[in-house]
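Trainee: Provided herewith is a single structure, encoded as structure tokens, for subsequent inquiry.
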Amino acid sequence: GYPLAYLLGHQEFAGLSFRVEPGVLIPRPETGVLLSWAVQALKPDASALEIGPGSGCLCVSLKKFRPDLQIRAADISKTALKISAENAENLLGPHHGIQFIESDLFSALGGMAFDAVLSNPPYLSAKDLEKAGRELAFEPAEALCSGETGYEIYQRMAFESGAFLNPGGLMALEIGMGMEEKIKILFESRGFSLVKILPDFQGILRVMV
């Protein structure tokens, strides 16, 4: 049951080969939906923040396809920051321009504001994680599950993110199956309005903007 990507030490995402090791989430093809949206939707020279880059698959791919963007990436995990920074250097070169910051969500980002905040946050409930068992046992639990319900991280983002968005700023979040209604209500209660929900390759609603 040990993940092949950890044995090989890499995983492909968006046509790029990302180094992975235990302690970082293995890139999933579903995150390509969030990447495709960002590549097409973000305005020229926009500033973007990724919360929880893990291996760096999203922020590094985004910088590869949209070098004009000003990108920062914040993660609470030192391992994730190390691996994502290494992937940025390996795939984009030493002057890649992505700033990696150790931060629990927005805690270390005081005074910063962005045109877009992107994230594939942990959204499994504790029960979901338990049920998955061996399949996910080797990946970091904190990158998969944020608490009992799986909504905990979205609650924090809804409450904290407003202060870090420029006027007209966008949040684009990967979500779990069937979570869209509760997350919509959560963000609307904080003054956000839904722009769109995008399906993944299986037709499951996967990205909320």
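Trainee: Considering only protein heavy atoms, with the full assembly of protein chains and a 1.4 angstrom probe, order T149, T31 by accessible area, largest first.
Mentor: Output order, biggest surface exposure first: T149, T31.
Trainee: With the other protein chains left in place, how much accessible area per residue, in square angstrom, belongs to the chain at a 1.4 angstrom probe?
Mentor: Numbers: 9970 Å² over 209 residues.
Heavy-atom SASA per residue in the chain reads 48 Å².
Trainee: Separate question: Starting from 0.36 nm per residue, how many nanometres of slack lie between K196 and A132 once their C-alpha separation is accounted for?
Mentor: Numbers: separation 64, 0.36 × 64 = 23.04 nm, distance 2.93 nm.
Length gained, K196 through A132: 20.1 nm.
Trainee: If I compute volume of the Cα convex hull per residue in Å³ from the structure I just sent, which labelled value in [x] 136; [y] 113; [z] 151 lines up?
Mentor: [y]
Trainee: If you don't mind, another one. With every protein chain left in place, what is the accessible area of E142 in Å² (1.4 Å probe, nearest 10)?
Mentor: 120
Trainee: Eight or more residues apart or on different chains, and alpha-carbon atoms under 25 Å: count the Lys pairs in the chain matching that.
Mentor: 15
Trainee: Still on this structure, I have one more. How many percent of the accessible area of region 121-169 is carbon or sulfur, using a 1.4 Å probe?
Mentor: The nonpolar share, carbon plus sulfur, comes to 55 percent.
Trainee: Quickly estimate the mean residue ellipticity at 222 nm for the chain, helices only: each DSSP H run with n ≥ 4 gives -39500 (n - 2.57), and the total goes over all residues, rounded to 500.
Mentor: On the way: 7 runs with 65 residues, N = 209.
When only DSSP H runs of four or more count, the value is -9000 deg cm²/dmol.
Trainee: Run the numbers on the chain and let me know its relative contact order in percent, using alpha-carbon pairs under 8 Å that are six or more apart.
Mentor: On the way: 383 pairs, mean separation 40.3, N = 209.
Once divided by the residue count of the chain, the mean separation gives 19 percent.
Trainee: Would you please state which residues of region 62-82 a label at D104 would reach in this model, taking the label point 7 Å out along Cα→Cβ and a backbone N cut-off of under 15 Å?
Mentor: The answer is 75-78, whose backbone nitrogens lie closer than 15 Å to the label point.
Trainee: Antiparallel as a % of all DSSP beta bridges within region 71-209, to the nearest 5? Mind dumping the intermediate values first?
Mentor: Details: 5 of 16 bridges.
Of the beta bridges lying entirely in region 71-209, close to 30 percent run antiparallel.
Trainee: Let me check I've understood the local charge: for L34, count other residues with C-beta under 10 angstrom from its C-beta, Lys and Arg +1, Asp and Glu -1. What total comes out?
Mentor: Working: positive: R206; negative: E30, E50, E174, D200.
Surrounding charge for L34 is -3.
Trainee: Another question, if that's okay. Modelled label-to-label distance, I204 and A141, 7 Å Cα→beta-carbon offset: nm?
Mentor: In this crude spin-label approximation the distance works out to 2.2 nm.
The values are calculated or read from the model by the stated rules, or taken from the named source; none is laboratory data. Everything numeric here is computed off the predicted structure, so don't read it as measured data. Methodologically, a virtual Cβ is constructed for each residue, glycine included, from the backbone with ideal geometry; neighbour enumeration extends over all protein chains shown. To get the accessible areas, we keep the full protein, side chains included, count just its heavy atoms, and leave off ligands, DNA and RNA. Shrake-Rupley method; radii C 1.70, N 1.55, O 1.52, S 1.80 Å.
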